[in-house]
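The values are calculated or read from the model by the stated rules, or taken from the named source; none is laboratory data. Owing to the predicted nature of the structure, the values given are computational and were not obtained by experimental measurement. Here the Cβ is made from the backbone with ideal geometry for all residues, glycine too, and neighbour counts use every protein chain on show. All accessible areas refer to the heavy atoms of the entire protein, side chains included, with ligands and DNA or RNA removed. Shrake-Rupley method; radii C 1.70, N 1.55, O 1.52, S 1.80 Å.
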Amino acid sequence: MKTKLTLAIPKGRMMYESLKLLNQAGLKLDISHKGRSLKIDAGDATIIEMRNGDVPTYVELGVADAGIVGKDVLLESPANVYEPVDLGFGACRLSLIRPIAATGNIKRIASKYPQTTQAYLKSIGKSAEVIKLSGSVELACLTGLADAVVDIVQTGGTLKANNLEELEIIHQSSARFIVNRAALKLKTNELRPLIDALRKIHK
Ligand code: PRP
């Protein structure tokens, strides 16, 4: 007998691409009548919709069997999940950024990704104060709150519009399919074919 999967999907721009890929992989999902519902019986799976930063937690703790989330978020999260497929969409990079004209040492860095920023500093043998912000991070180095920021660059539009430059690319990122480790065993008949199908699509 088939067990229905529960999938954690980020709201916003990743939702459409995620559902498209899952449908291509053979799940019949329809959320066209969801309204403002956050938990949706979408046909072949139950979809739970949340902020992207919460996806690893829902999957690690098994409330969702699997989910879709950006690698940038996964790098920052302590959650222990299985990450079997790079889905390819949502490509962006996590970079060290500062104003084009800036000179001098970087003593303070602002970021939505403080753990990743600390790990990066450690990897290059440098230290700086890292402060956590929650949005419009580039503003920090435009206002003097920080000397530099670590943030996402996708089209480069934000950098250009604000006279900022990328000093270094820290990580490449894209959407990943992640799976709860216990669910992989308990719901293997549902999850293994889905993982295989998603892998084939992105080949
Ligand atoms: C992200 C990111 C950058 C911008 C980069 O912000 O934090 O600010 O997109 O994209 P670009 O290179 O295409 O300009 P988002 O829109 O997610 O808003 P937030 O930072 O306020 O969360």
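Considering every residue within the range 109-120, establish whether at least one is of a type outside the set (Lys, Arg) and touching a Gly at 6+ places or on another chain (Cβ under 6 Å). Reasoning before the result, please.
Step one: of the range 109-120, the residues of a type outside the set (Lys, Arg) are 109-111, 113-120.
Okay, now just the ones that are also touching a Gly at 6+ places or on another chain (Cβ under 6 Å), so none.
No, the range 109-120 contains no residue that is of a type outside the set (Lys, Arg) and touching a Gly at 6+ places or on another chain (Cβ under 6 Å).
Only residues that are farther than 17 Å from GLN154 by Cα, open to solvent by 30 Å² or more (accessible area, probe 1.4 Å) and touching a residue at least 12 places away in the same chain (Cβ under 8 Å): list them for the range 103-118, please.
Kept after step one, since they are farther than 17 Å from GLN154 by Cα, are these residues of the range 103-118: 103-110, 114-118.
When the remaining residues are screened for being open to solvent by 30 Å² or more (accessible area, probe 1.4 Å), the result is 103-108, 115, 118.
Those that are farther than 17 Å from GLN154 by Cα, open to solvent by 30 Å² or more (accessible area, probe 1.4 Å) and touching a residue at least 12 places away in the same chain (Cβ under 8 Å): GLY104, ASN105, ILE106, LYS107, ARG108, GLN115, GLN118.
Counting just the residues of the range 151-187 that are among the small types (Gly, Ala, Ser) and free of Cβ contacts under 8 Å to residues at least 40 places away in the same chain, which one comes out least open to solvent (accessible area, probe 1.4 Å)?
GLY156
Just checking: which of the strands (runs of 3 or more DSSP E) contained wholly in the range 101-203 hold 2 or more residues that are within 13 Å of the ligand (Cβ to nearest atom) and not polar (S, T, N, Q)?
Values: elements: 108-111, 129-132, 148-153, 164-173, 175-179.
So the answer is 148-153, 164-173.
Let's see how each residue does on (1) more than 16 Å from the ligand (Cβ to nearest atom); (2) crowded, with 18+ Cβ neighbours inside 10 Å; (3) of a type outside the set (S, T, N, Q):
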site	(1), (2), (3)
LYS28	yes, no, yes
GLY67	yes, yes, yes
VAL73	no, yes, yes
ALA91	no, no, yes
SER95	no, yes, no
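Inspect the range 41-50 for any residue being within 24 Å of SER111 (Cα to Cα), assigned to a helix (DSSP H, G or I) and outside the structural domain of LEU139 (by TED's automatic domain parsing) and give the result as yes or no. Reasoning before the result, please.
If we filter the range 41-50 for residues that are within 24 Å of SER111 (Cα to Cα), which is where we start, we get 50.
Filter again for assigned to a helix (DSSP H, G or I), leaving none.
Checking the range 41-50: not a single residue is within 24 Å of SER111 (Cα to Cα), assigned to a helix (DSSP H, G or I) and outside the structural domain of LEU139 (by TED's automatic domain parsing).
Out of the range 1-16, which residues are open to solvent by 50 Å² or more (accessible area, probe 1.4 Å), at pLDDT 90 or above and closer than 16 Å to ALA66 by Cβ?
Residue satisfying the conditions is LYS4 alone.
Of the conditions (1) open to solvent by 30 Å² or more (accessible area, probe 1.4 Å); (2) under 11 Å from the mean Cα position of the chain (by Cα); (3) of a type outside the set (Asp, Glu), VAL63 fails just one. Which one is it?
Against the list (1) open to solvent by 30 Å² or more (accessible area, probe 1.4 Å); (2) under 11 Å from the mean Cα position of the chain (by Cα); (3) of a type outside the set (Asp, Glu), VAL63 comes up short only on (2).
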